[in-house]
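The values are calculated or read from the model by the stated rules, or taken from the named source; none is laboratory data. The model shown is predicted, which means the values in this text are computed figures rather than measured ones. All Cβ positions, even for glycine, are placed from backbone atoms using ideal geometry, and neighbour counts span all protein chains on display. Each accessible area value is taken on the protein alone, full model and side chains, heavy atoms only, with ligands, DNA and RNA left out. Shrake-Rupley method; radii C 1.70, N 1.55, O 1.52, S 1.80 Å.
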Amino acid sequence: LRQSRLLMHMNPKFKDVRLAKEREVTWHWSKGRQITAGLYYPLNYQRGQRYPLVIQTHGFNPSEWSFFGSQSTLFAAQPLAAHGMFVLQLPAPEYPEGNEMQLKHWAYHDASMASQVYKSAIAFLSDKGLIDPGKVGIIGYSLTVYTVSWALTHHPNLFAAAVTGEGTDGCYFPYVWNAAYGGPLKPFYTSLYGGSPWGKHWSNYVKDAPCFHLGNMRTPLLIDVLHANE
């Protein structure tokens, strides 16, 4: 006879808090390639009703439970779900199979690939009748600020709102700022544009960096900028 008994409540303050359910979802983001993410359901979810969606980028671990998502900075999965939204926590979209991020392996096509993941996620959840594809927001953090910024400037009608913060958008100013602190992102910029933003590589920045295509944007964007303590 199988029985269960509560031996200790590890989070006693949660006993009076209603939490949204999170489920693993898997879909094909391109032919023969699939992705697994965490989907937080709206707290008072009702079958047959379509809800807004917020996509949170930058990491998903199926063996861990998380209140906010992969980070506590910018992300707010449970609070958003409590306000009647689906929240999709993606693995780092620049490596959709979940591999560790290695800057030396970055290339321009990673941003385009990330956009394919975003678009496929929206289509997948919309086809299931869960979300309203016209009410989708996205959050970029750290290096996914770049992939989100690229998506906003190359697919201007994909998102209804966006937030980016504490990261690089792949433009020239973060390169200069980063260089002052030892330049750990130099391989990232080299892989994108061939080198630094001055000299012969400047034209590559003008051609590909999201900041030079802001005229294409249609999405309201909140930017949480980097700062340094003196």
remark   = Given the conditions (1) at pLDDT below 90; (2) within 21 Å of residue 114 (Cβ to Cβ), every one holds for residue 181 apart from (2)
Pair list, Cβ < 6 Å and 6+ apart or interchain, from the stretch 23-46 residues that are more than 16 Å from residue 60 (Cα to Cα) and without any contact (Cβ under 8 Å) to a residue 24 or more places away in the chain to residues that are open to solvent by 20 Å² or more (accessible area, probe 1.4 Å) and assigned to a strand (DSSP E or B) = none
message = Restricting to the stretch 21-63, give me the number of residues that are among the charged types (D, E, K, R) and closer than 26 Å to residue 146 by Cα.
response = 3
task = List the number of the failed condition for residue 136; all other conditions in (1) modelled with pLDDT of 90 or more; (2) in contact with a Pro (Cβ under 8 Å, 6 or more places away or on another chain); (3) farther than 30 Å from residue 34 by Cβ hold.
result = (3)
key: Selection within the stretch 185-201 - modelled with pLDDT under 90 and open to solvent by 80 Å² or more (accessible area, probe 1.4 Å)   = 186, 198
message = With the requirement that a residue be open to solvent by 100 Å² or more (accessible area, probe 1.4 Å) and touching a residue at least 12 places away in the same chain (Cβ under 8 Å), what does the stretch 1-19 give you?
response = 18
request  = Sort out which residues of the stretch 138-157 are more than 14 Å from the chain's Cα centre (by Cα) and either crowded, with 20+ Cβ neighbours inside 10 Å or without any contact (Cβ under 8 Å) to a residue 60 or more places away in the chain (or both), and write them in order of number.
outcome  = 153, 155
